[in-house]
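Report on the following structure.
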């Protein structure tokens, strides 16, 4: 056994030991956050277990000097792990022969503390039946999950039959100590999936053993024997541990057998990486108090299938970046649409398997922009078309098999798609909240996929009312609320795209039977009306006149405020068939030419301006004046108390950036 690294952790907010298990959950569930050569993992099964009992026939071997004080989860700095009990399948009763040395009440309190911390450690991970695959591993016929129960039982027998070195690695104080401290372990089976490319290796299976009371996590790699059966191999076994000594916390990484460690550079990096890079990240994660309000990436599809399809699409469409005719960044847009297409292809493939169908889904992309997503999905066998208010130059490159239409979309009775399986909204701006409504009213079998970006309500900009949430989180909750009100089971997932707005919302199924369509549509109508504050009619009916003294807005079902009708909007009677008055599609001609030219000129002036020019704020003034120095022949670089290093200002009025 060798210690690869050890780092002291400052914990000013008293987040440990709970923060340690939150950091471990990131490495167990999302190792690609630290190891960029991985695509992700598939959590297949979990169970509770205990280390086997070992009978000693002779004198106990010396275990060496007393190890440093462990950090039992839920215990104070001076408390030890105590003599816990193993909780078998039958319940939390004591095991035969386990005689606690403490009093009943004290032991009960310590056991409860350990149980609370164990549940906290389990919370981020896969839930499911004992030893059985969970949802994350379902539907992977090409890589079936083995039986965790049999794997652990075989490994336990090997420990009990004389593998004292490995047993000591688990207990850290010799095999005999586990006779006195039997307690429950959390055992997880996972498959580590590397990124699929020419240099990648095959996916690897591991057993992860969490000892919450002792603050250790051990990773056991699995390999196939000559008969094709899986078993634990003693090489590449490593441990992450949390300890406390003299009131100070430490995190360490240890290797069981350093001389037998084999690094493939992908799934199993070099030991120096574990002892330096990984250890530093774990130390930082475990004391970060902030918690993400978003789900893990690719939580609704098979990561393994996504990795394969994504790599194939990248190779197939990589040349698009070389011939991109638009002024937008080809690297961002091509890679983003390739990743989006890979996600949808896997999502739809798994949907066909669930439904027992073979015909590929058809789609309409509303607000398709450059149309690349439509082009890829069409080339991959899904019939569909894209609609956008403005034609792009790149459309001419796709060929006749890619169907793109230049047309404005206004939500009304004429913008329904009864024969379409899926509606897509990829950065669809003002159409984003309307897409669940259009899908719901098109047909009972129509589904939707939206990737919200800009914050629009049914009419005008979205106004946040929840100050405790970020505007992005609040807007995602609003679109989820729209989908739920429209009668969809709305699911959320996080995509792997080069964008800060990468959370998608998916409505695959309904919450009501087809016979309940009329009553649900009445609810949709009332909800849309509450967001605008004006009269709304169900589709196909002439709207009623606005009642005198109608309120300017009402709160929605989840407490989101309605859009204020008085802020520059005039309530007018909607035309027949129009679902809501006041909606305005995007302008067909976007005034981008001047902005692009000015940005290029500004970049030249920025590079030529010395850092010391006009004092220490010279370059910052040029940045935050919105290019006014370029537009006025270099004049107007007076100090403005500007905020440096912000992104390019969205306004061209010359106003200062907001800090």
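The values are calculated or read from the model by the stated rules, or taken from the named source; none is laboratory data. All values reported here derive from a predicted model rather than from experimental measurement. As a convention, Cβ positions derive from the backbone with ideal geometry for all residues, glycine included, and neighbour counts pool all protein chains shown.
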Report task. Looking for whichever is assigned by TED's automatic domain parsing to the domain that holds residue 37, within 22 Å of residue 211 (Cβ to Cβ) and either free of Cβ contacts under 8 Å to residues at least 40 places away in the same chain or in contact with a helix residue (DSSP H, G or I) (Cβ under 7 Å, 6 or more places away or on another chain) (or both) here; the options are 256, 250. Which one fits? Result -> 256
Query raised in the report: Quick one: would you say residue 426 is over 26 Å from the mean Cα position of the chain (by Cα) and in contact (Cβ under 8 Å) with a residue 12 or more places away in the chain?
Result: no
Query raised in the report: In this structure, does residue 340 turn out to be over 16 Å from residue 420 (Cβ atoms), outside any strand (DSSP E or B) and in contact (Cβ under 8 Å) with a residue 60 or more places away in the chain?
Result: yes
Query - Some residue of region 462-470 being under 23 Å from residue 531 (Cα atoms), modelled with pLDDT of 95 or more and over 14 Å from the mean Cα position of the chain (by Cα) - result: no
Query - Yes/no for residue 346 being closer than 26 Å to residue 204 by Cα, surrounded by 14 or more Cβ atoms within 10 Å (Cβ to Cβ) and touching a residue at least 60 places away in the same chain (Cβ under 8 Å) - result: no
Query - Failed item, numbered, when residue 353 is tested on (1) in contact with a strand residue (DSSP E or B) (Cβ under 6 Å, 6 or more places away or on another chain); (2) in a helix (DSSP H, G or I); (3) surrounded by fewer than 17 Cβ atoms within 10 Å (Cβ to Cβ) - result: (1)
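Listed here are the residues, each with its yes/no results for (1) closer than 24 Å to residue 486 by Cβ; (2) in a strand (DSSP E or B); (3) free of Cβ contacts under 8 Å to residues at least 12 places away in the same chain.
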site	(1), (2), (3)
365	yes, yes, no
373	yes, no, no
395	no, no, no
401	no, no, no
419	yes, no, no
438	yes, no, no
